[in-house]
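Visitor: The structure's right below; bear with me while I get my questions together.
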Amino acid sequence: MSPPLVIPFFIPHQGCPHLCVFCNQRLIAKQTSETQKFDNETERLSDAIHTYLQFKKNRSRVELAFFGGNFLGLEKARILTLLKAVQPWIRQGQIHAIRCSTRPDTITRQVIDLARPLGLETVELGVQSMDDQVLALAERGHTSEDTRKALALLKENGLKTGVQVMVGLPGDNDCGAVRTAKELSELKPDLARIYPLLVLNGSRLAQWYRSGRYVPLSLDQAVTQTKKMVKIFRCSGVSVARIGLQATPMMDDAGQMIAGPWHPAFGHLVLSALMFDQACEQIGTLLTGRQGIGESGEKKSVVLQVHPRSLSRLQGDRKTNIDRLTQAYPGICFYIERVDSLDIDKVHARILNV
Ligand code: SF4
């Protein structure tokens, strides 16, 4: 089944009483309000829906997403205005559900009772980390316990849940990222999104970076940490809905995105790294009990089978995975075979001529 068409409607920093060290949303919110096409928010919402519905194609499901701020932290009247503005499309069957991102400490039974009858189906929590020291350093203003309580309350009330986490937070490290993924996996959210922390101009993190107090992760470090988190989520059945930030003009603007592991295809890098690990595991299993393979002087051949849509993931960015495999196993020639029946995330290895 094709994934739903998600219509994003951004409410930058609105409804948020905090200012995390990495956030420059107040700056964005200010710029947005100056350049908004329409003064009336419901008109902008309606405009976005009309525009996106043109790209629905053959997708059977459409969801409207309030992203970018703390949707459930908006004033009650504003939440109702926005949700009611979507109702005509819901009644006509053109929009099937509403989702939003919000802070864990915003979730209460009252706000759930307000929004759920109007089509709110999925709530994505900006969790970032399950380490309270890391949360405090980032000045998130909530704790891991807020996340536990929020997830429990959302589930109790029949809502789907998502968790958004970050790699590279100040005071965090490889082990911390792994612990966060493990703790969240035990809480069984429906989906996870993982983002590398970038240093945005106008944030306090930018000052810390300039003064040397904060050193961002390198791209390799960010890929490795994210890869570990993805493995944990996948093993627990938590779907990883997104890895890395969407490319926007801001990311290419050195004046705005001043440091950090930015790559326009960050998710692809992580998924390629996962494929590489899987290929190595498969080759390791093949070689078990076959000592001497490739050592007789004659090169042996291994076929790596992959779903056609995952070919570029297996090859890696600029075919780096194949180069690394060739270096790691100098006695083996690798061939790739596309197999439609394989799972999209799987690679299978077999020996060709041994
Ligand atoms: S909770 Fe979100 S919107 Fe609020 S300051 Fe932090 S990052 Fe920005």
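Visitor: Per residue, how many Å² of accessible area does the chain show with a 1.4 Å probe?
Guide: Per-residue accessible area for the chain comes out at 49 Å².
Visitor: Same structure, new question: Counting other Cβ atoms within 10 Å of each Cβ, which trypsin sites (Lys or Arg not before Pro) in region 50-118 have at most 13 and sit in a DSSP loop? Don't skip to the answer; put the middle values down first.
Guide: On the way: sites: LYS56, LYS57, ARG59, ARG61, LYS76, ARG78, LYS84, ARG91, ARG99, ARG109; in loops: LYS56, LYS57, ARG59, ARG61.
Of the trypsin sites (Lys or Arg not before Pro), the ones in loops of region 50-118 whose Cβ has at most 13 other Cβ atoms within 10 Å are LYS57, ARG59.
Visitor: Among the GluC sites (Glu not before Pro) within region 52-151, which fall in a DSSP loop and have no more than 16 other Cβ atoms within 10 Å of their own Cβ?
Guide: Working: sites: GLU63, GLU75, GLU121, GLU124, GLU139, GLU145; in loops: GLU75, GLU139.
Sites meeting the loop and neighbour criteria: GLU75, GLU139.
Visitor: Please list, ordered by chain and number, the residues whose modelled amide H lies under 5 Å from the amide H of CYS333; skip anything fewer than 5 residues away on the same chain.
Guide: Excluding prolines and chain starts, which carry no amide H, the hits are LYS300, SER301, VAL302.
Visitor: Here's another thing I want to ask about it. For region 226-354, place one equal point scatterer on every Cα, skip the solvent, and apply the Debye formula. What is log10 of I(q)/I(0) at q = 0.09, 0.16, 0.18 Å⁻¹?
Guide: So the normalised log intensities work out to -0.33, -0.86, -1.01.
Visitor: Treat each spin label as a single point 7 Å out from the Cα along the C-beta direction, and report the SER46 to LYS182 distance in nm.
Guide: So the two model labels end up 5.3 nm from each other.
Visitor: If the elastic network links every pair of Cα atoms under 10 Å, which of ASP253, ASP131, ASP174 fluctuates the most in the Gaussian network model of the chain?
Guide: ASP253
Visitor: Where the accessible area of the chain is counted over protein heavy atoms with a 1.4 Å probe, how much of it, in %, is carbon and sulfur?
Guide: The C+S portion of the solvent-accessible surface of the chain is 50 percent.
Visitor: May I pose another question? In units of 2.2 N^0.38 Å, what is the alpha-carbon radius of gyration of region 282-351?
Guide: In units of the globular-protein estimate, region 282-351 measures up at 1.12.
Visitor: Give the residues of region 134-168 whose amide nitrogen is closer than 19 Å to a point set 7 Å from the Cα of LEU114 in the direction of its Cβ.
Guide: 150-151, 153-155, 157-160, by backbone N distance to the label point.
Visitor: Kirkwood hydrodynamic radius, computed over distinct alpha-carbon pairs, for region 69-199: how many Å, to one decimal? Walk me through the intermediate numbers first.
Guide: Working: mean 1/r = 0.0649 Å⁻¹.
About 15.4 Å for region 69-199.
Visitor: Then there's this: Beyond 28 Å between alpha-carbons counts as too far, so tell me which of LYS149/LYS228; LYS56/LYS188; LYS228/LYS319 fall in that bin. Please report the intermediate quantities before stating the final value.
Guide: Numbers: LYS149/LYS228 25 Å; LYS56/LYS188 30 Å; LYS228/LYS319 22 Å.
Cα-Cα > 28 Å for LYS56/LYS188; rest within.
Visitor: While we're on this one: On average over all directions, what projected area in square nanometres does the chain have, based on the convex hull of its Cα atoms? Can you show the working numbers first?
Guide: On the way: hull surface 80.4 nm².
If you wrap the Cα atoms of the chain in a convex hull and average its projections, you get 20.1 nm².
Visitor: Using 18 Å as the cut-off for backbone N distance, which residues of region 228-266 belong to the label zone defined by a point 7 Å from the Cα of TRP208 along Cα→Cβ?
Guide: In region 228-266, the label zone of TRP208 (backbone N under 18 Å from the point 7 Å along Cα→Cβ) covers 257-262.
The values are calculated or read from the model by the stated rules, or taken from the named source; none is laboratory data. Since this is a predicted model, take the numbers as computed values, not measurements. Glycine also receives a Cβ, built like all others from the backbone with ideal geometry; neighbour counts cover every protein chain displayed. Quick note on the areas: whole protein, heavy atoms, side chains included, nothing else; ligands and nucleic acids left out. Shrake-Rupley method; radii C 1.70, N 1.55, O 1.52, S 1.80 Å.
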